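Presented below is the structure to which this report refers.
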Amino acid sequence: MLIYALKRLGLAVLVAVVVSALAFLLLRASGDVAIALAGEGARSEDIDNIRRIYGLDRPLVVQYLDWAAKMIRGDFGTSLFFKTDVHALVLDKMPTTALLALFSLIFALAVSLPLGILAALYPNSWIDRLCLALAVIGQALPSFFFALILMIVFAVMLRWLPVSGSDSWAHFVLPTVVLGYYIAPAIMRLVRAGMIEVLASDYVRTARAKGLSSRSVVLKHALRNALVPVVALSAVQLGFLLGGSVVIETVFALDGLGYLAFQSITHKDLPVTQAIVTLLSLIYVGLTLAADLANAWLDPRIRVGGGS
Amino acid sequence: MTDVAAIPVLDLTTASSGKLLRRRIMAHRGLLIGTGLLAFIVLVALLAPLIAPHDPYAQDLSRRMIPPIWYEKGNWVHPFGTDNLGRDYLSRVLYGAQISLLIGAAVMVISGLIGTALGLAAGFFGGRVDMVVTFFITVRLALPLILVALAVVATVGGSLWVVILVLGLLKWDRFAVVMRAATQQVRVLDYVAAAEAAGASTLRVIVGEVLPNVLPQLVVVATVEAASAILLEAALSFLGLGVQPPLPSWGLMIAEAKTYMFFSFWLIAIPGTALAVLVFAVNMVGDGIRDVSAPAGRG
Amino acid sequence: MSRFSTGVLAALVAATMAIAPALADKKTNSIRFAYDQVVENVDPFMNNVRIGVIIGQQVWDTLIYRDPKTSEYKGQLATAWKWIDDKTLELDLRKGVKFHNGAEFTADDVVYTLNFVVSPDSKVVTRQNVAWIDRAEKIDAYKVRIICKEPFPAAIEYLAGPVVIHPHEYYAKVGPQGMNEKPVGSGPYRITEHSVGKFVRMERNPDYFKESPKPQPKIDKVEIRFIPDRQTQVAEMMAGGADMIMNVALDQATQMKAVPTLQVVSGETMRIAFLHLDTRETSTAPQLRDIKVRQAIMHAIDRESMVKQIVGQGARVLHTLCFPPQFGCSDEGAPRYSYDPAKAKQLLAEAGFKDGFDIDLYAYRERNQTEAMIGYLRAVGIRANLRFMQYAAMREANRAGKAAMLHQTWGSFSVNDVSASTPVYYKFGPDDVSRDPEVRDFLQRGDSQVDPAVRREAYRKALALIAERAYSLPLYSLTTYYVANKDLVFIAYPDEIPRFWEMSYK
């Protein structure tokens, strides 16, 4: 177990290094930051001046090493647009996005777990078909389209919920439903497939033969086994939610990381874009590492096989 | 990796006989509906120049925002009404089908080529090759797709081909993951070993023996990826960093109609529905193929 | 990283706990104003966005004030001013004015602020608003002199617009960055909280000096919230979550007139729209070098229809590159290019483009108007591809000679003098992509002469030449639509500045 964990950790670190280098190069390779910085009415001299002040005239490798070294120390540089500390800026916006991602995951699990289990218990019944329909619609509906429709109905027409902002829990309801519904189908399918597989397996049949009640078989034995891949998927989905909330944050004017990322992209505010992309990548690497270790602990075959 | 585990890999090693397969296809309602809808949309896209009542680019500022026929003020000259520049909405929706299908197909081909090549290589050769490919996949998965796509499009400048290229180069991960796992299963089969023993070249074994056997999975992934590419383009266009006007992409049409949603709902509802139906159809086809080709039916 | 993660955790907890009470409109005598662009720094010298100008006018004061109704200059921080010579302006300052932090306003504040912003190290963003100033000198505690680099008759107009005065001790201590975090001015509103990228909250300055030409504020609190998406702003207005939005497109404004809780007010603005063409030898679109092609473009676009259908009430078609009420703006002697697609096609054929050509059209705002132009150009055979981007990126592509055709707009920084518009694009500056020495000489004459009649005549000649040679296509002035709570009393001024200090509820 320890060797597996160390190996896995080493891989995670390597991935982190490559990802940060990619994030840096990919974004730096395109576009001239100094121009965006100079603003309306700036002259060529001003732009050259800015290039020098911000060290944008040095070789890329030097810029990367300098940037990475500072990143590790928690110094994310200065925003080209806001002219403030990126660290503080990101820290300020992080909670909103983290909350949104967390709420969405909880919502998705709350919907997809019971539905997935019921669908597995009664395959091809009306409830199974309902789940399938919900899943298919969830996958086909563009999230921004869904968001706008919810906004019209619940905020403008019924006035039950606020339109936009992030001041209270009520502001999070609509975005949570949209994002949660977007990731729910995948979880639901996985729960359903896992449950069907486990219910058909020998030991559940044995348990049933021993006379255990249906409910305890489902809850104690089948569910626990079917949940293992769900935990892993949830970790991945959480990472996805953090990076994928750009559109929803923009629509609902939720002042989070996704919206900050979008702003920084349109303003060519490279330090902020790089910091967010790198940070989200690192969070993803961390989440998958944790999920893999948890899985290995739950399922000894993985750490022996080491493979997929 | 976690994602590899998360995607169920199907056991396709027992090939169904042709007759059985046909019966299954005919019995699968979802597949039939999906195929029917998709065929309809493809037909509409191909025939757009013939069936569109107007030039989708021809504007007339004096005929703006005419509602569709199911509204009181609608008329048959513009069955779906006109947009904010007086362009015929039906014609734009019809031509928009071309763009969404093109994006779905082109992204699918680009990412499919990259992902399949990587996945086949990793699954077939194993060892170091597998390690390197797995590493690539992990790195790719760690990058937040939408943000990177937005950032690249923002700097390069949005256009149809830029969007296709960016999404194609970013979305190969699922192809690689599934192809790798499927190839690993096929690799150990007798006839693959037999072909190798008979002295067939590696490339020949991969193309001639392995690829046909992983094809059903490939098709399933391809549909999922096509659907997701179409949605992603729509999201990019929605944020103003996708396909650029005057091209009638459905995503772009939604983006341009969003400010009209409170008073002229049809402007957003029509392309929104078209987009949802297309993605629905593609997904149904994918699900259907998965069910039909899996030995134990659905699930 | 650990510092970071504990910070995240703490902030997370704080965010779940904090349920801030929302400001309520009429009952609490406050205004919730929503805007789509964020301001990077509220210090008026440190941003180049409209919302920055709006905030600047509420929080800070200028030396001189231009009455938006009569266009008459009045003393604000200054009480009197006179030109000592061509380049030297002497101002008497007002006594008894206090900044929000209690500091007394004196000549030191004027001298420090002006000398700071003209120094190259200050990195001010709005350089062209202060580039005419050479230095400021203190004569005594309430008398200063401003020395221009060369004769600059429009100086008064700039001092009445973008050039605000900061408290010198505080500004010297905290700099522009500190000014952004805890802004201190002398204006009718003071900022109580600035959450970068999210909102700016202001409250009435109870000690605002009574002699100011800006009336005493009546509204107690103003919250400016940044909402990026237009339809979300509209939704907020309809749901009663905001009291005022501006720059609403004609269609939405027209539709929202039907909502009983709202009022729609419109007004022409100083902002002009035009097609800016690179006609130099290096142009990436060599077709534009041919005057016939440029004239064809002008005849291809139906500006009258655009104004009527999608620009809005109050806007007017322009024939020269300036805003008509600006000093020196005139379209006398300039040719009129009527909407005539047949003629456009014929001109294109004469120029050798019978089958039209492909060209990139760069734009950054009023996207639907750009799209309409693309439609018109397409009808005569010019296939324009939209390249939509941020302002700075577009302007830089143009300066670098990469973007040959731009849908530009210019608001002259609300300065009511042609020196703030036409010369920016035709006096061999970085944005001049025609480089006509004749035009430049006329503009130079207009900028630096003192006699108004001489200035007017020089500008008129320059403007007529630009139109004759079809260097750029003036389109129209823009209209701004405001949508507000129906009980809010306010006026829409052409300088696109909502004056919260004048507003009240019925």
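Tabulated data
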| item | result |
| --- | --- |
| Integer Hz, Karplus 6.51/-1.76/1.60 couplings in order for region B:239-255, x for Gly and Pro | 7, x, 10, x, 5, 9, x, x, 4, x, 6, 4, x, 5, 5, 4, 4 |
| For the protein assembly as shown, accessible area per residue (1.4 Å probe, heavy atoms of protein chains only), Å² | 38 Å² |
| Alpha-carbon Rg/Rh ratio, for the protein assembly as shown, with Rh computed the Kirkwood way | 1.00 |
| DSSP-assigned coil residues among GluC sites (Glu not before Pro) in region C:180-263, each with at most 13 further Cβ atoms within 10 Å | C:E211 |
| Filtered chymotrypsin sites (Phe, Trp or Tyr not before Pro), region A:148-177: DSSP coil and at most 14 other beta carbons within 10 Å | A:W160 |
| Rotationally averaged projected area of chain B (alpha carbon convex hull; nm²) | 18.4 nm² |
| Cβ charges +1 (Lys, Arg) and -1 (Asp, Glu), total dipole of the protein assembly as shown, debye | 2680 debye |
| Nearest-ten-degree value, helix C:367-379 long axis tilted from longest Cα axis of chain C | 0 degrees |
| Region C:348-426: radius of gyration and largest Cα-Cα distance (Dmax), Å | 14.7, 43 |
| Listed residue (C:L465, B:H54, C:L347) projecting farthest to the positive dipole end of the protein assembly as shown, Cβ model | B:H54 |
| Region A:87-151 - convex hull of alpha carbons, volume per residue in Å³ | 107 Å³ |
| Directionally averaged shadow of chain A, computed from the convex hull of its alpha-carbon atoms, nm² | 20.5 nm² |
| Distance histogram in 5 Å bins (all Cα pairs of region C:65-193, percent per bin) | 2, 10, 20, 24, 22, 15, 6, 1, 0 |
| Relative intensity, log₁₀ I(q)/I(0), of region C:198-314 from a Debye sum that treats every alpha carbon as a point, q = 0.09, 0.16 Å⁻¹ | -0.50, -0.96 |
| Rg/Rh (Cα only; Kirkwood hydrodynamic radius) as it applies to region C:294-349 | 1.03 |
| Sparsely packed trypsin sites (Lys or Arg not before Pro) within region C:90-163, loop by DSSP, other Cβ within 10 Å at most 13 | C:K95, C:K149 |
| Per-pair calculated FRET efficiency, R0 = 45 Å: A:W169 and C:R336 via Cβ, rounded to 0.05 | 0.15 |
| Amide H within-cut-off set for C:R66, under 5 Å, with H built and near neighbours excluded | C:K74 |
| Amide hydrogen neighbours beyond the local backbone of C:D134, cut-off 5 Å, H modeled | C:I147, C:C148, C:K149 |
| Nearest-0.05 FRET efficiency for A:I3 and C:T192, computed from C-beta distance (R0 60 Å) | 0.55 |
| P(r), alpha carbons of region B:147-231 - 10 Å bins starting at zero, rounded % | 16, 35, 24, 17, 8, 1 |
| Given charges at beta-carbon only (K, R positive; D, E negative), |dipole| of chain C in Debye | 680 debye |
| Dipole magnitude of region B:140-299 about its Cα centre (Cβ charges: Lys, Arg +1; Asp, Glu -1), debye to nearest 20 | 160 debye |
| Dipole axis of chain A (+1 Lys, Arg; -1 Asp, Glu on Cβ), positive-most option in A:T206, A:A155, A:Y64 | A:T206 |
| Surface share of carbon and sulfur [accessible, 1.4 angstrom probe, percent] for chain C | 51 percent |
| Surface share of carbon and sulfur [accessible, 1.4 angstrom probe, percent] for chain A | 68 percent |
| Which of C:T254, C:A235, C:L277, positive extreme of dipole for region C:204-298 (C-beta unit charges) | C:L277 |
| Measure of compaction for region B:13-164 (Cα Rg per 2.2 N^0.38 Å) | 1.53 |
| Residue-averaged [θ]222 nm for chain B, counting only DSSP H segments that reach four residues, each worth -39500 (n - 2.57) | -22500 deg cm²/dmol |
| From the C-alpha gyration tensor of region B:166-216, square roots of 5λ in Å | 25, 12, 8 |
| Region B:28-71: proportion of alpha-carbon pairs further apart than 18 angstrom, % | 55 percent |
| log10 of Debye I(q)/I(0), alpha-carbon scatterers only, for region C:426-506 at 0.11, 0.24 Å⁻¹ | -0.53, -1.10 |
| In degrees, nearest ten, helix C:107-118 long axis to first principal axis of chain C (Cα) | 40 degrees |
| Cα→Cβ-extended label distance, 7 Å offset, between C:D36 and C:Q444, nm | 4.1 nm |
| Cα-projected label distance for C:E150 with C:D487, points at 7 Å along beta-carbon direction, nm | 5.6 nm |
| Overall Cα dimensions of region C:245-396 - principal axes, largest extent first, Å | 57, 34, 34 |
| With Cα atoms, 0 to 90° folded angle of helix A:2-28 axis to chain A main axis | 40 degrees |
| Dmax and Rg, reported as Rg then Dmax, of region C:18-137 (C-alpha, Å) | 17.6, 60 |
| Mean projected area (nm²) of the alpha-carbon convex hull when region B:141-299 is viewed from all directions | 12.4 nm² |
| DSSP bridge orientation in the protein assembly as shown - percent antiparallel, rounded to nearest 5 | 75 percent |
| Gyration tensor (Cα) of region C:250-308, equivalent ellipsoid semi-axes in angstrom | 38, 12, 9 |
| Other-chain or far-sequence residues with amide H under 5 Å of C:G187's (modelled H) | C:W60, C:D61 |
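The values are calculated or read from the model by the stated rules, or taken from the named source; none is laboratory data. A quick note: this is a predicted structure, and the numbers were derived from the prediction, not measured. Don't worry about glycine lacking a Cβ; one is built from the backbone with ideal geometry, like all the others, and counts go over all protein chains shown. Each accessible area value is taken on the protein alone, full model and side chains, heavy atoms only, with ligands, DNA and RNA left out. Shrake-Rupley method; radii C 1.70, N 1.55, O 1.52, S 1.80 Å.
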